[in-house]
Amino acid sequence: MDDSDDGEGEADGLRKIIHVDMDAFFASVEQRDNPELRGKPVAVGGSSGRGVVAAASYEARKFGVRSAMPSVTAKRKCPDLIFCKSRFDVYREVSQQIRAIFRHHTDLVEPLSLDEAYLDVTEDKLGIGSATRIAELIRQEIKAKTKLTASAGVSYNKFLAKLASDQNKPDGLCVIRPGQGAEFVQSLPVRRFHGVGPKGAEKMAKLGIETGADLAAKDIEWLRAHFGSFADYLYRAARGIDLRPVRSSRIRKSVGGERTFSRDLSSGSELRETLEDIIDIVWGYIERAEAKGRTVTLKMKYTDFQIFSRAKTVERAIEDKDEFAQLSRALLEEVLPLPMPIRLMGLTLSKLERDGEEEPKRPDAQLSLL
């Protein structure tokens, strides 16, 4: 959006939205602070047998290393992978520097996690007027003050801005101007849509839906018949429509994740080991979201698809991963032995005290661990 395009958007009542996403944030901080790591494949997280990758550098991603991947798998894909322990105090400090840069331009900042946020710059503080120019300045300021790179997407709604920020990563900028949203979205594979995970994409492929254009060709009744409550989101997304405002103080109800197994599990030892993996991954999500909560919920889905859950609420916010893990383990022990094998297990932290809004991942706002 240059100045003229921004003006057109404002005249049509459209917002000017920027989505800023730091590039491989945790791993990039480690490479910045330790010159010996620069240019090498780096993973942040535990390297033990049950460790999980919290973040991976772009050098590691070339080998297929991804966040939420078991460390043993990551090491197998990239034998030269270097593991660094998480330093969330440092990541939070850098995140605060970045948010100060955002608020220099607008008070309408909606953090999604430590490393990404939406900004509404329809009326920016400095009177610059061009969302594209503001995004460029923010990226320059972040690099000057933190020595880290950020990618940004600029558009007239949140959905498009977030898609755009991922388009030219790393250290990139993408602009989707008014009138271009539907065409841009319909050129993408549906897997790029936020909320469409591997299982969702597989289901769509079986229904003949591979791209946004394929999705846009389906009417709302057909989508509701196949996707239930998720249909309305898909219908709007396929047309580049998103009416959600940027909210500087939105409270999320929960943070969690679940894992569907390749085979049903029933033995206590397997279930305990699987729970440890889920604890590692979900606590990473909690740290990223800076969430503080009092209720831990264990969810399981039996082979007959019945869902069963147990929850424990404590009087004060859970302080650290050890306490979260102890509560999670206690919940599992309460229900062992199980009456039948399970196909899914998940953990959720709720009764949150402070947080940012979560981008929709699934209809239940849970993150898949697949």
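Between helix 321-335 and the chain, what is the angle of the helix's C-alpha long axis to the longest principal axis, kept within 0 to 90° and rounded to the nearest 10?
50 degrees
Rounded to the nearest 10 degrees, what's the angle between the helix 88-105 long axis and the longest principal axis of the chain, both from Cα atoms, 0 to 90?
20 degrees
What's the longest uninterrupted piece of the chain once you rule out the GluC sites (Glu not before Pro) that are loop residues per DSSP with at most 13 other Cβ within 10 Å?
Numbers: sites that count: E123, E315, E319, E353.
That gives 124-314 as the longest site-free run.
For semi-axes √(5λ) of the Cα gyration tensor in Å, which listed value, [x] 39, 23, 18; [y] 36, 27, 24; [z] 34, 26, 20, comes from the coordinates shown?
[z]
Calculated from DSSP H runs of 4 or more alone, at -39500 (n - 2.57) each and per residue, what is the 222 nm mean residue ellipticity of the chain, nearest 500?
Values: 14 runs with 143 residues, N = 370.
Computed ellipticity for the chain at 222 nm equals -11500 deg cm²/dmol.
Read-outs: derived from the displayed coordinates by stated rules, not from any lab. The structure presented is a predicted model; accordingly, all values stated were derived computationally and were not measured. All Cβ positions, even for glycine, are placed from backbone atoms using ideal geometry, and neighbour counts span all protein chains on display.
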